[in-house]
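Chemist: To start, I am sharing the structure in question, which I have written as structure tokens.
Read-outs throughout are calculated quantities, based only on the coordinates presented, and are distinct from any laboratory measurement. Just so you know, these numbers come straight off a predicted model, no measurement behind them. Every residue, glycine among them, receives a Cβ derived from its backbone with ideal geometry; neighbour counts consider all protein chains shown.
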Amino acid sequence: MWLDVADDQHEEVSKVSAEEEIRRGITVMRRVVQGRSRGIILDVSWNNQGQLIEPNGHTLTSFIGALVRNEIPITCHDWRNKELKESKEKIWSEIKRCFNIEEERRGFCMKLAGKLLRGFRTFLSSKFLKDADGNFVDAELPRKYESLISAEEWEAFKSKRQDPTFQRISATNRERASSPAYPYRKGRVGYGRLEQSMLQKEESSETSLPAHVLWKEARVGKSGVPQEEVLNVYQKCEELSQSLSPDDTKSILSRALDVPEYSGRVRGKGFGVTPTSLSVRKGKAPSNRELHARLEAMQAELDALRREREASASTVYRDASDKNSINCTFQPNIPEGISHCQLYLSSPHYRMVGKGKVHNVSGVLLHTRELPAGCLKVSVDIAVDPNALLPYPSDDSDATTVHEAVGSFVAWPTNLICVGYEVQENEVSNASAQQIKEVRNASARVKSSGAKKTVARKKPTTKYRSCLRTFLEMTDIPTGGVRTIHMEEGIFGFDYDQMIGNEDFMQVFGHEEIGVNIVNTYIRFLYDKLMRPNDLDESFGFLAPASVNLGLILSRPHTVTEYVLRILMENKDAEKLFFIPFNTGGHWLLLAINPIREIVYYLDSLGNDWTTYPDMKDLIDTVLQAFRAQRDIQTSRRSANRITWIKVACPQQRNQIDCGYFVLRFMRDTLALGRLVIPTDVCISNL
């Protein structure tokens, strides 16, 4: 039965010739891939019976469907074939890179992948190889699927469909499924998500529903009224539930339907539930009393934290809220273009929570999506109230507070944006020591370079940028289209498709802060144009900025350590210099590591040194020590801790924008020299 899948069911459409293209494009899961490139790992939800549910259950199912169509040929008719082991490993590896999923879920995901592949083959056959009467049609390979299916695979697929044995089995199965007595009425919503929606609607404390209750609801159509035959079965199940022993092995629903049980199947529960898994999870499920106790304890803890936070915010930011609003004029019409601004919230009390820049540009998108009504796109530069919740948390980011959003773009209500960028004395008196330094430095840079930046924005663009922008306007990118750039394994140690959209191009055209997509794309350019033609890939390497940044070091240090150490160990036999474009949350800097010599070059266009980011330094030192130990290098006790950090004298940025561009330039110039030792005026520190 086709249940609980998002990508293997296709709506019935009129039969068309192979040349006619269907309107929906091939699923590529752009949001998941873009999130992965920024280091965003999606959490996956499961019910207590081991089925995928929301949030992200539908997303994972669709992602698996896209993977299996790319990795497994349609000529594969035996999912248990051992020759598929490598492809299955790649599918599982890609799933784990994008989703936070336990190893024990691998079996479910692989079964789901096999089911989605069967659904895809069935769709191709019914859509392109049959006419309206069900007769075979010798169709050409559809243009839409030329990137997934080769001509040889398509011919073999057609040949299999014409085989007499296959047609006999297909006819038998088609006849059996053509007129079900109790048809399923919920479309693509499987039993797992149906059960979840029913429990949420009823606000029930239960974690699951009886199979016959789900079975009845699944057969209720748009009218909301079940058929009489369905009600009769349901009533019979209710009667049986009062008389049967709990130890009876045959389910109530099977008895009421008077049909035999199938091995490994639980009727009325859907895909992913087996008698074994159901019994195991039943034994582990907590009682209602335990669940109520847990919920009450969690609610009490949340209430206490909320009261503490509101009291703290009221005390710390009352002065800033009262006085800053006097000097801030909210404008009904935000000036067009990019302007410095202050960001406010009105709940639980009116206060300024951050500073940044508002982007009031026609047609601007936020992470390739339309902005919410009444909002503008803003970039957060400074967090005045770090714990303030964002009014519109992004689906493509884990950021929920102003502090977590520093260095990124968010949507902000227009009526809570104040154009202007002033540092008030009362703000300084209420901020922490670190925030005082950040606010003053940022204000000084803006005041000293504001006129220059204004003039710079009026300069005509270069002919290359103008040509690129003209080319861009002739594509679908300004209206939401994206392009993919394949990042092969030799660049970051893993291969994936980097996606870039209109927002990324606008960062370059408007000379704005650049994000990780632009950095990765430029690294691919350096890899193709400088490294491989000159055999520099033997002497230089890169580490992915989405996998090594301050946010991940603070939240998942073990993951970052494992990744960096793996790359270094894979290149342990030759001296090599590794570049790490490092993002601190609102600023780009460059690390260049020579693991053999245990030297770390530090390049920062703000003039800071490594002591500004102690967590970063501690992690790199730990990795180099582990690298030394795994290489089994014997050193004297005196020199065992001599990991050398070198501050490179480099040009300094004059605004708050250019740090990313400086990092790109640093990498290019170092590669152009082709030497593993970076010439510099040094400031050396030993671990």
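Chemist: Give me the distance in nm between label points sitting 7 Å out from Cα along the Cα-to-Cβ direction at Thr484 and Asn387, one decimal.
Modeler: Taking the simple label geometry, Thr484 and Asn387 are separated by 4.3 nm.
Chemist: Rounded to the nearest Å, what's the spacing between the alpha carbon centres of the range 148-168 and the range 520-540? Just the number, please.
Modeler: Distance between centres, Cα-based: 43 Å.
Chemist: With each label point set 7 Å from Cα along the Cα-Cβ vector, what nm distance links His292 and Glu575?
Modeler: If labels sit at His292 and Glu575, their model points lie 7.2 nm apart.
Chemist: If you don't mind, another one. Quick one: 3J(HN,Hα) in Hz for the range 660-667, Karplus 6.51/-1.76/1.60 with θ = phi - 60°, rounded, Gly and Pro as x.
Modeler: x, 5, 5, 4, 4, 5, 4, 5
Chemist: Want the number for Glu152 to Ser263: 0.36 nm per residue separation, take away the alpha-carbon distance, what's left?
Modeler: Length gained, Glu152 through Ser263: 36.2 nm.
Chemist: On to the next question. Between beta-carbons, use under 11 Å as the cut-off and find the net charge around Trp645, counting Lys and Arg +1, Asp and Glu -1.
Modeler: Summing Lys and Arg as +1 and Asp and Glu as -1 gives 0.
Chemist: Points 7 angstrom from Cα along the Cβ direction at Glu228 and Lys160: gap in nanometres?
Modeler: Label-label distance for Glu228 and Lys160, simple model: 4.6 nm.
Chemist: Can you run phi through the Karplus equation (6.51, -1.76, 1.60; θ = phi - 60°) for the range 191-203 and list ³J(HN,Hα) in whole Hz, with x for Gly and Pro?
Modeler: Once rounded to whole Hz, the list reads 4, x, 6, 5, 4, 4, 5, 5, 5, 5, 5, 7, 6.
Chemist: Report the FRET efficiency, 1/(1 + (r/R0)^6), for Asn534 and Asp476, where r is their Cβ-Cβ distance and R0 is 22 Å, rounded to 0.05.
Modeler: Efficiency at R0 = 22 Å is approximately 0.05.
Chemist: Another question, then. If you bin every alpha carbon distance in the range 93-201 into 10 Å steps from zero, what whole percent lands in each bin?
Modeler: Result returned by the calculation: 10, 29, 31, 23, 6, 0.
Chemist: Working from the alpha-carbon coordinates of the range 466-686, get Rg over Rh, Rh being the Kirkwood radius.
Modeler: 0.98
Chemist: Collect residues whose amide H, placed 1.01 Å from N in the peptide plane, falls under 5 Å from the amide H of Leu371; neighbours closer than 5 in sequence don't count.
Modeler: HN-HN under 5 Å from Leu371: Leu366.
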